[in-house]
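**Q** Got a structure for you, written out below as structure tokens; questions coming shortly.
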Amino acid sequence: MTRGSRPGADGVRDRNESGQAQNQRPRDRYGRPMPHGSAGEVDRVPDDAEFTVEEGVAEAQLLLDGGFAFTAHEVLEAVWKSAPEPERELWRGLAQTAVGVTHAQRGNRVGAARLLRRGADRVEAFGPEAPHGVDVDGVAAFARGLADDLDSGRATSGDGIDSAGMRLLRA
């Protein structure tokens, strides 16, 4: 082990120049790390990525439509980090719902349902006049519906979870 590295699942954790953990391995469509040297299924969103609200919503929706909820979560998280304080919980909730879908896609039903409900509660608090045209009622309904379907067994975790039903903007 080299100085500044700590064991991880593969024996060594990637770190940036300041020593913070930063996994540089390629990712599969659900955000799971793949072995170094593999061809990743998605482009990584850099940790220092910045998106305007319009760019972030548009990119996240394209990713959700394509089944890439984990990468959509990373984009929404980047918007959350740069959002003005009054809007931060909205973007945090949107990121949580997207990562909840990711957990469902990965097969983690219990964790997925918890994150989906937590995200739904956060976004719903902004009400029908949410900023930037975000459809908080629609996102909350999608998230709670998927959580209920996971809990009841109507939805099976894994590849069958479709993130395209999560619509970020009001029609």
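The values are calculated or read from the model by the stated rules, or taken from the named source; none is laboratory data. If you're wondering where the values come from, they're calculated on a predicted model, not measured in any experiment. So basically every Cβ, Gly included, is an ideal-geometry build from the backbone, and we count neighbours across all protein chains shown. Only protein heavy atoms, including side chains, enter the accessible area calculation; ligands, DNA and RNA are left aside. Shrake-Rupley method; radii C 1.70, N 1.55, O 1.52, S 1.80 Å.
**Q** Being closer than 13 Å to residue 31 by Cβ, open to solvent by less than 10 Å² (accessible area, probe 1.4 Å) and without any contact (Cβ under 8 Å) to a residue 60 or more places away in the chain is the filter here; which residues of region 77-108 pass it?
**A** Answer for region 77-108, where residues must be closer than 13 Å to residue 31 by Cβ, open to solvent by less than 10 Å² (accessible area, probe 1.4 Å) and without any contact (Cβ under 8 Å) to a residue 60 or more places away in the chain: 95, 100, 104.
**Q** Specify which of the listed residues (104, 147, 140) is modelled with pLDDT of 95 or more, under 12 Å from the mean Cα position of the chain (by Cα) and among the aliphatic types (A, V, I, L, M). Reasoning before the result, please.
**A** Numbers: 147 fails: under 12 Å from the mean Cα position of the chain (by Cα); 140 fails: under 12 Å from the mean Cα position of the chain (by Cα).
Among 104, 147, 140, only 104 is modelled with pLDDT of 95 or more, under 12 Å from the mean Cα position of the chain (by Cα) and among the aliphatic types (A, V, I, L, M).
**Q** Scanning for something in a helix (DSSP H, G or I) and touching a His at 6+ places or on another chain (Cβ under 9 Å), does region 73-87 turn up at least one residue?
**A** Start the filter on region 73-87 by keeping residues that are in a helix (DSSP H, G or I), which leaves 73-82, 85-87.
Now restrict to residues that are touching a His at 6+ places or on another chain (Cβ under 9 Å): 87.
Looking for residues that are in a helix (DSSP H, G or I) and touching a His at 6+ places or on another chain (Cβ under 9 Å), one finds at least one in region 73-87, hence yes.
**Q** Within region 116-160, which residues are open to solvent by 10 Å² or more (accessible area, probe 1.4 Å), more than 19 Å from residue 67 (Cβ to Cβ), of a type in the set (A, V, I, L, M) and in a helix (DSSP H, G or I)?
**A** 141
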